[in-house]
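Read through the structure below, which is laid out as structure tokens, and then see the notes.
The values are calculated or read from the model by the stated rules, or taken from the named source; none is laboratory data. Model, not experiment: these values are computed from the prediction. Virtual Cβ from ideal backbone geometry, glycine too; neighbours counted across all protein chains shown. Accessible surface areas use protein heavy atoms only, side chains included; no ligands, DNA or RNA. Shrake-Rupley method; radii C 1.70, N 1.55, O 1.52, S 1.80 Å.
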Amino acid sequence: MTAPSPSEKAFVPFVSVENMMRLVHHIGIETVLTELTDVIESDFRRWPLFDKTPRVASHSREGVIELMPTSDGEIYAFKYVNGHPKNMAQGLQTVTAFGLLAEVSNGYPVLLTEMTLLTALRTAATSAMAARHLAPKGAKTMAMIGNGAQAEFQALAMKAVLGIDKIRLYDIDQRASDKVARNLAGSGLTVTVCPSAQSAIEGAEIITTCTADKQNATILTDNMVGSGVHINAIGGDCPGKTELHKDILKRADTFVEYPPQTRIEGEIQQMDPDYPVTELWKVVTGEAIGRHEPGQITLFDSVGFAVEDFSALRYVRAKLVGTGFYQDIDIIADPDDPRDLFGMLQRAKD
Ligand code: NAD
């Protein structure tokens, strides 16, 4: 069997996990996080341009599988992502993902890439972008509750973008906190492993909750949250999966990505449908007020939105140029005569 001639193929760059790791190290992880924060922010500035829809979720007892599409009219993107909190006990990732970019003008894909690492990077960059607008100025200490796969990325983004220099860790499994402490040794962050969530949040201006449990959990209760803090709530991102006691939401000013999705998936699913929220993009553009008084509690009710993946994908596409950290793959049948798809198949038989 002879393969069709190369002229009958439209190759698509594919970034494997191995190549994504090479690319990140080539650029430098903190540089990636800083640049990605800026790219996401620039896309939030042109938010009204994007096609937006709550992600398409397929729920099961064990977890969720989601598709996250969007387009700015020139480029289309989607991500496939799962969330399975029990996976970790079986030695599997809670979250895995891959994604694709395509040209709107002809529909042809222009990038296919792993997105498990890229999701951790973009989630951290989005947290940092939100904190840049919402956290108390000069914040130096972040509490990090839930020390799994996302944790180090969150810590490094807050360091690189905001100048956080102390991280206080808590996880129900101390091995997870010890892993983060080990991984962040030499990062320039002072890392403290704490015996409880209450102790982790002592002195922290930013509290990140990043736990995985398919239930309405109460990682933070109202009495734990002092005035003036910024809460970066990442782990509550599915119907029936929240981390904060609802009394915290009554005291906080809450900022969200895309309200129709966050009302289904975020912390605010616990509140009435008219619970007031501010769209983060409006804070970024200056149309809405973010932090405006010292005692204010700000809450970024993060669930992860398709525009952030779009930003991450276009960032990777731009950074790949000239690196060779990809393989050209043959996933588009593109016969020389576009009507002769069958002829192309027949030629492969000879
Ligand atoms: P992971 O399974 O690797 O880590 C979760 C950690 O939480 C584990 O170490 C676990 O021991 C700990 N934990 C569970 N219950 C806890 C509790 N009550 N108190 C303290 N620690 C607790 O998961 P991950 O990949 O780090 O993801 C964390 C969460 O973030 C998941 O729920 C995931 O769905 C969510 N997530 C959100 C976004 C977003 O954009 N908002 C993006 C990625 C992941």
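Quick notes on this one:
- Karplus-based coupling profile of segment 140-145, in residue order and whole Hz: 10, 10, 10, 8, 10, 9, with θ = phi - 60° in 6.51 cos²θ - 1.76 cosθ + 1.60 and x standing for Gly or Pro.
- Proximity of backbone amide H atoms, modeled 1.01 Å from N, is registered between LYS140 and GLU205 at under 5 Å, excluding neighbours fewer than 5 places apart on the same chain.
- GNM on the chain, alpha-carbon springs under 10 angstrom: the most fluctuating residue among LYS241, LYS52, LYS86 is LYS86.
- Rounded accessible area per residue of segment 154-307, 1.4 Å, Å²: 40 Å²
- Paramagnetic label zone (point 7 Å from Cα along Cα-to-C-beta, ASP334; backbone N under 12 Å) in segment 99-132: 103, 106-111
- Extension gain from ASP272 to GLN90, taking 0.36 nm per residue of separation minus the Cα-Cα distance: 61.8 nm
- Comparing mean-square fluctuations of ASP237, ASP301, ASP334 from a GNM of the chain with C-alpha springs under 10 Å, the top value falls on ASP334.
- Assigned charges on the beta-carbon of Lys, Arg, Asp, Glu; segment 1-131 dipole about Cα centre (debye): 380 debye
- By definition, a body whose alpha carbon gyration tensor gives a ≥ b ≥ c is prolate when a/c is 1.5 or more and a/b is larger than b/c, and the chain fits this prolate description.
- Here the 3J(HN,Hα) profile of segment 339-350, calculated from phi with Karplus coefficients 6.51, -1.76 and 1.60 at θ = phi - 60°, is 8, 9, 4, 5, x, 4, 4, 5, 5, 5, 7, 5 Hz, Gly and Pro shown as x.
- Phi-derived couplings, Karplus 6.51 cos²θ - 1.76 cosθ + 1.60 at θ = phi - 60°, listed residue by residue for segment 105-113: 5, 10, x, 6, x, 10, 6, 10, 8 Hz, with x used for Gly and Pro.
- Extension gain, ASP38-GLU74: 0.36 nm per intervening residue step, less the Cα-Cα distance, totals 11.0 nm.
- In terms of its C-alpha gyration tensor, segment 83-217 comes out oblate, because a/c is 1.5 or above while a/b does not outweigh b/c.
- Taking a ≥ b ≥ c as the square roots of the eigenvalues of the Cα gyration tensor, an a/c ratio of 1.5 or more together with a/b no larger than b/c marks segment 263-310 as oblate.
- Placing +1 on the Cβ of every Lys and Arg and -1 on the Cβ of every Asp and Glu, with nothing else charged, gives the chain a dipole about its Cα centre of roughly 680 debye.
- Sites VAL104 and LYS250, calculated FRET efficiency, Cβ-Cβ separation with R0 45 Å, nearest 0.05: 0.60
- Long-range amide H partners of ILE231 with built H, under 5 Å: ILE207, THR298, LEU299, PHE300
- Springs between Cα atoms under 10 Å define the GNM used for the chain, and in it the highest mean-square fluctuation of GLY295, GLY83, GLY322 occurs at GLY322.
- Cα centre as origin, Lys/Arg/Asp/Glu Cβ charges: segment 143-218 dipole, Debye: 140 debye
- Once you reduce segment 248-319 and segment 106-125 to the center of their Cα atoms, the two points are 21 Å from each other.
- For GLY236, nonlocal amide neighbours, meaning residues 5 or more places apart or on other chains whose placed amide H falls under 5 Å from its own, are GLU243.
- The packing ranking, built from the mean of other Cβ atoms within 10 Å per residue, places the peptides 122-128, 284-290, 158-164 in the order 122-128, 158-164, 284-290, highest first.
- For the chain, share of DSSP beta bridges that run antiparallel, in % to the nearest 5: 50 percent
- The chain, relative contact order in percent, only Cα pairs under 8 angstrom and at least six apart counted: 23 percent
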